[in-house]
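No value in this document is a laboratory result; all are computed from the given coordinates. Since this is a predicted model, take the numbers as computed values, not measurements. With ideal geometry, Cβ positions are generated from the backbone for all residues, glycine too; neighbour counts draw on all protein chains shown.
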Amino acid sequence: MQSSKTKSSESGGKRAENNLARHNAPSEAAGLYIVATPIGNARDITLRGLDVLGSCDLIAAEDTRVTAKLMAIYGISKPLTPYNDHNAVRERPRLLARVAGGARLALVSDAGTPLISDPGYKLVREALAKGLSVHAIPGPSAALTALTLAGLPTNRFLFAGFLPSKQGERRRTLEEVRGVAASLIFFEAGRRIAEALADMHSVLGDRDAAVARELTKLHEEVRRGSLGSLASEFATQPPPKGEITVVVAPPIASTPDVARADALLEKAMAYMPLSAAADLISTALDFPKRAIYERALSLKTKL
Ligand code: SAM
C-alpha cells in the first residue's frame, strides 16, 4: 500500500514536470520582448532571455556590434537592427509596424535592462498605445546589483540615473533628492566621480555610501565609507577606469525638536504667510516640509 505522502509527492513531481515543460516552451506570440542582458559577466543571461533571442524574428539593439558579440558567445544568429537615441524617431514606427504584422521583436541594450538609462521607453509606450503586447524578460541591472552589494538600506531606494555633468545643475539635482527618505542610486562616469562625490558630500552631508565599479567583471570592486572619506580618496587618485554606480544612504533620521520648531514657526508666521513660514523653517531645520506645515496649521488654530 502506498502512503498518501508518497502519492502526493508523485503528483507534486508530475505537476513540477508539467510546469517546467510549459515554462520551457519559448513564447510564440507576436509582441515586443524587453530582454535584459549581462552587465559584464556573459553568463549572467537568463535561460528565457536566450530562448527569446534565439527564437525571435528581429533583435533591435542599441549597438548591433556589442549585441553581436553576446550572440556569438551563445551561438545565436538572428537579424539585428540598430535602435538608439540617434535613429529612434525614424525606426520606432517601422519596428512597431513589424510587431503589428505578427513579428516577435526583441529589444536589448548594450548591457543590463533596456529602458533603465537606456533607449526603449517610448517604444514600449507606443506599443502599448497601439494595443500590441509587451513582455519583460528580466535580468541584470547595474542599479540593483550595486544596491545589493552596498551594505546600505534596501527597503526604500530612489534610482536617480546619471547626474548632470555641469556642477550647478548637478548640485540642484542633488538638492532635489536630499530630503528623500531612501537610499539613492546614481550612475556616474569614472572621469567625473571625484567631483560628483565632492558635491554629494557638500549637498547631502556626510552619509555612508558605496562606489561600485566594474560589477560582475574581472576588476569588480566596491569601496564603502562616508561620502567625505570617499570624496577625499577619489580626489587624490587618477580617474578610475570602467563603469561606476554609486549608492548613498538615506538622510540620517533625526527627531524634530518640536518645541524649537514651534517657537520658530510662531516668530516666522508673524511676518509671512503660513506656507512660506513652513517652507523657511523646514529648510532651516532640515525637517520634511509636510510635518512642519502640519505643525504650523495646528499652531495657527491655537493663536
Ligand atoms: N541599462 C543598464 C542597466 O540596467 O544596468 C544601464 C545603462 S547606463 C547607459 C550605463 C551605466 O550603468 C554606466 O555608465 C554605469 O554607471 C552603470 N553600469 C553599467 N554596468 C556597470 C557595471 N558593470 N558596474 C558598475 N556600474 C555599471
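In this simple spin-label approximation, ASP57 and ALA235 carry label points 7 Å from Cα along the Cα→Cβ vector, and these lie 5.8 nm apart. For the pair LYS166 and ARG43, a Förster radius of 51 Å applied to the C-beta separation gives a FRET efficiency near 0.85, rounded to the nearest 0.05. Along the charge dipole of the chain, Cβ charges K/R +1 and D/E -1, which of HIS219, PRO38, ALA263 sits furthest on the positive end? Among HIS219, PRO38, ALA263, the one farthest towards the positive end of the dipole of the chain is PRO38.
Altogether, the Stokes-Einstein calculation at 4 °C and 1.567 mPa s, with the Kirkwood radius of the chain over Cα pairs as Rh, returns a diffusion coefficient of 56 µm²/s. If R0 is taken as 45 Å, the Cβ-Cβ distance between ALA103 and VAL222 corresponds to a FRET efficiency of 0.65.
Eigen-decomposition of the gyration tensor built on the alpha-carbon atoms of the range 258-302 gives equivalent ellipsoid semi-axes of 13, 11, 10 angstrom, largest listed first. Backbone amide hydrogens, once placed in the peptide plane, bring GLY112 within less than 5 Å of THR37, ILE39, excluding anything fewer than 5 places away on its chain. Pairs of Lys residues in the chain that lie 8 or more places apart, or on two chains, and have C-alpha atoms under 21 angstrom apart add up to 11. For the range 31-65 versus the range 247-296, the spacing of their alpha-carbon centroids is 49 Å. Computed over the range 143-248, the quotient of the alpha carbon radius of gyration and 2.2 N^0.38 Å is 0.96.
Candidates ALA129, HIS201, ILE185 compared by Cα position along the dipole of the chain: farthest toward the positive end lies ALA129, with charges placed on Cβ. Given +1 at the Cβ of Lys and Arg, -1 at the Cβ of Asp and Glu and no other charges, the dipole of the chain around its Cα centre is 700 debye to the nearest 20. The calculated FRET efficiency for ASP85 paired with VAL134, based on their beta-carbon distance and R0 = 25 Å, is about 0.80. From least to most packed, judged by other beta carbons within 10 angstrom and beginning with the fewest, VAL246, VAL99, VAL89 follow the order VAL89, VAL99, VAL246. Taking 0.692 mPa s as the viscosity and 37 °C as the temperature, the Stokes-Einstein diffusion coefficient of the range 190-303 based on its alpha-carbon Kirkwood radius rounds to 197 µm²/s. Peptide packing: for 31-44, 273-286, the average count of neighbouring Cβ atoms within 10 Å per residue gives the ranking 31-44, 273-286, highest mean first. Considering only GLY179, GLY131, GLY190, the mean-square fluctuation computed in a Gaussian network model of the chain, springs between alpha carbons under 10 angstrom, is largest for GLY131.
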